[in-house]
Every structure is written in C-alpha cells, then in structure tokens.
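Step one of this worksheet: look at the structure below.
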Amino acid sequence: SITIPESVTEIGRYAFHGCSSLTSITVSKENKFYDSREDCNAIIHTESNTLISGCKNTIIPLSVTEIGYEAFDGCSSLMSITIPPSVTEIGSSAFEDCSSLTSISIPPSVTKIGNRAFDGCSSLTNITIPPSVTEIGEYAFRDCSGLTSITIPSSVTEIGEDAFEHCTSLTSISIPESVTKIGGWAFYHCSSLTSISIPESVTKIGYNAFRGCSSLTSITIPSSVTEIGEGAFSGCESLTSIIVSKDNKFYDSREDCNAIIHTESNTLISGCKNTIIPPSVTQIREDAFYGCSSLTSVSIPPSVTEIGKYAFYDCSSLTSITIPESVTKIGESAFRYCSSLTSISIPSSVTEIGNEVFSGCSSLTEVRIPKGCNVDDGAFSNCPNVQIIR
C-alpha cells in the first residue's frame, strides 16, 4: 500500500514502477495536485485527469481522459481492467509487462495507442482496436506472445516500428486499405504467421518488417509499394512464392523468378528457396537469402558483379554454389554459417575475401582461391577441416 500526503506537488516517472504487489493507493483529500477519486486505488493528476499510477485493484473513474506514461508498467499481477469511454489516449508503456493481463477492451473514444503500450503482455490472447484509433505506436504489442489474431481498423494509417515484434502465436492479421506504411521490424519473428495480405495503399515496407516470419509461405507486393527496406523478408524460411505486381514501377519478379528485384538497379533484394536468379540481375543485395535454411542450391548468373554482406548467411542446407567470373566483390559474412557447404571455388575476378565471409561453414573441406587474392584472417574462422588451395 502507499499513501500520498497533501504536501506532494510532483511525482516523477517510475515512482512506483514494478510494485507488483500493490493493492491500495490513496492520495490525501487535501492534496491540490493529485487525487484518488472514487476510491479508485490509483493516483490521478487532478488538473489533466490523467491516471499516472495504478495497481491490480484499480478501477478507472469515468472522469479520467488519459492513461499516462507507465501507469501500470510492471504490474504483473493485473489480470483485467476496464477502460472507461472517457479515455482518449493510452500512453507509452501504460500496460508494459502486465504479464498476467488476459483481456482488455479499448473503448471507441481512444484515438492513440502509445509506444510500448502493451509491450510484454504475454497472456493477452485477443484484442480489438476500435475504429477511432489512428496511430499504433512503436513496440505497442511487442512480446504479446499469446496473441493469436488482431484486426487493425481502417482508421489506422501507419503500423509503427516493432509494433507486433515477437507475437509468436499470431497466425493471421488483416491490414486495411488505409495503411500506407509498415514500420521496420513491425512483424519481426511472428513465427506462426502463415499468410499476410499487403493492401494497395502501402507505399513503404520497413527494414526487417517481416524478418523471421518462419511460417510465411507466400508474399505478394502490390503496385503501390515504392520502398522495401533491407532484410524485409529475411529468415522467412518457408517462403516458396514471391510475386511482385506487374504494375509496380519500382520492383519486379521478372521471369517468375520467385524473388523481389529492384527494377532500376537490377538488384535482387529478397529471395526464397524456389528463387531462380534471372540473367539480368547484377547484384545480390545484403540479406537477400539471409536465414533461408531450406535453400539447397542456387545458380548465380554471369551478370552478377557483387554479392552483398550476409547475402546467404545461415543458409544451413546450401550444399553447393558456383561463383561466376563476373563477381568482383563478396561482402562480409556473405556465406557465414552455411554449414552444409563442402567446397567452393573463388574466381580470379575476386581480389579480396573479407571478414567472416565463410565463418562457421563447418563442413567446408576445400576452397580454391586465386593467386593475389587477399584473405582476411577471420574469413574461414570456425571451419575446422578447411584446406585452402591457391
């Protein structure tokens, strides 16, 4: 329990953070700055009607208009709570790490869900976002590992960075036509997500947006998309189909290649186990096949001049690959942890093998390197059986 005396004029952030056993919060009736009106078991900033600190026994009064920054943060014993229709904003970290919270109803008065609002609410199984909400903040539902489905209303225009990161039980999600931007890491490691429909309204897919969605089998990029960040689909090991709309002016999947290619630069930016690299591709971008553990082989055409860093990182089933004479640069960690790779021949066009390019290729026994090619000391680290032939 805690009692705030009438003398208190200011209560700072984190003041009662993580006090998970709190059952009673009382503010002196003589206090002119804070109150616990209607025996609510909470601290309310009187002038703004903002609830700044609550506990598992809190009953939010109808006069409260905002649930403030970290109001229930770390209240691991909170199992349920009713948000009254007077509330318009759920502040940043308001319910962060409320790990026992199983359900919550957000009223149609709420327009904003702040950053980390429900971050770490691992027992939350479902939630309905009302059509009044226009903004879903960064990390808003991160680590809500019990969340199986969620519907985003048509009022939302942007899904913040890391918004649904590590929602490992999330199997489906509906993105409305109103959304124009999917933030970086937005669905990172949503490992149960099997399908996703990206609407024609989306113009930007952030870096690592769907990274580690290991159950995702297909993806279609609509004509509206003008920007796809690095690693957007890295680690999506079950991907078998990648299609880009023929009306897209920035990206394509020419020749039914099952890959995303940046049209102007002829750079392959994302591939899968069924990718056939077209002969017009000149560069394989960073993270292009990162974590594609089901990739067993791939043919790099003689048009490619550069293999970006981490391009084939952790492609653990890749047994063979031929690097053509056109390649002049192999990026850092490009084939790192390709643990099934047994041999490789480096063409004479490559003058340098950088840091950890083949590190962790534990099955590698023979590597042919041209004379004059500089090899970094860590290029073949953790390759116990490798023999380098020049």
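The values are calculated or read from the model by the stated rules, or taken from the named source; none is laboratory data. Computed from a predicted model, the values in this text were never measured in an experiment. Using ideal geometry, Cβ is built from the backbone for each residue, glycine included, and neighbour counts are taken over all protein chains shown. Accessible surface areas use protein heavy atoms only, side chains included; no ligands, DNA or RNA. Shrake-Rupley method; radii C 1.70, N 1.55, O 1.52, S 1.80 Å.
Each distinct pair of alpha carbons in the chain adds a 1/r term; the inverse of their mean, the Kirkwood radius, is 23.2 Å. Rolling a 1.4 Å probe over the heavy atoms of the protein chains gives the chain an accessible area of 41 Å² per residue. Starting from the Cα of residue 103, move 7 Å in the Cα-to-Cβ direction to define the label point; list residues of segment 148-172 whose amide nitrogen is under 17 Å from there. The answer is 148-151. In straight-distance terms, cross-link reach from residue 246 covers every one of the aspartates and glutamates whose alpha-carbon lies under 12 Å from its own, apart from those fewer than eight places away in the same chain; here that gives 255, 256. Mean sequence separation of contacting Cα pairs (under 8 Å, at least six apart), scaled by the length of the chain, corresponds to a relative contact order of 6 percent.
Could you tell me the center-to-center distance, by alpha carbons, between segment 357-376 and segment 82-101 in angstrom? Centre-to-centre (Cα) distance: 54 Å. Straightening the chain between residue 387 and residue 178 buys 69.6 nm, computed as 0.36 nm per residue apart minus the Cα-Cα spacing.
Annotation: amide H of residue 97 within the under-5 Å range of 74, 119, 120, 121, sequence separation 5 or more or interchain, hydrogens built in the peptide plane. Kirkwood Rh, segment 111-228, all Cα pairs: how many Å? 13.7 Å is the Kirkwood radius here. What the Kirkwood sum gives for segment 262-384 is a hydrodynamic radius of 14.0 Å, with every pair of different alpha carbons counted. Determine the alpha carbon to alpha carbon distance for each of 204/329; 181/249; 273/371 and list only those over 22 Å. Distance filter (> 22 Å) returns 204/329; 273/371.
Within the same chain, aspartates and glutamates fewer than 8 places from residue 309 are excluded, and of the rest, those with a Cα less than 14 Å from its Cα are 230, 286, 287, 332, 352, 356. Karplus-derived 3J(HN,Hα) values for segment 35-47, using 6.51 cos²θ - 1.76 cosθ + 1.60 with θ = phi - 60°, are 8, 10, 3, 6, 6, 7, 6, 7, 9, 10, 6, 4, 5 Hz; glycine and proline are entered as x. Measuring nothing but protein heavy atoms, the accessible surface of the chain at 1.4 Å probe radius is 45 percent carbon and sulfur.
For residue 112, neighbours were defined as the other residues whose beta-carbon sits under 10 Å from its Cβ, and their charges (Lys and Arg +1, Asp and Glu -1) total -3. Label-to-label distance for residue 220 and residue 24 is 6.1 nm, based on points extended 7 Å past Cα in the beta-carbon direction. Here the spin labels are modelled as points 7 Å beyond Cα on the Cα-Cβ line, and at residue 376 and residue 10 they lie 4.9 nm apart. Among the trypsin sites (Lys or Arg not before Pro) within segment 222-283, those in coil by DSSP and having at most 13 neighbouring Cβ atoms inside 10 Å are 246, 249. Each residue of segment 197-210 is assigned a 3J(HN,Hα), and the resulting list reads 10, 8, x, 5, 7, 6, 10, 9, 10, x, 4, 6, 4, 10 Hz, derived from the Karplus form 6.51 cos²θ - 1.76 cosθ + 1.60 (θ = phi - 60°), x at Gly and Pro.
Only aspartates and glutamates eight or more places from residue 32 in sequence, or on another chain, were considered; those with a Cα closer than 15 Å are 6, 10, 47.
Along the Cα-to-C-beta direction of residue 59, a point sits 7 Å from the Cα; which residues of segment 83-102 have their amide N less than 19 Å from that point? Residues 83-87 qualify, since their backbone N sits under 19 Å from the label point. Each Lys or Arg adds one and each Asp or Glu subtracts one; over the other residues with Cβ under 9 Å from the Cβ of residue 348, this totals 0.
Spacing of the modelled spin labels on residue 195 and residue 157, each 7 Å from Cα toward Cβ, amounts to 3.1 nm.
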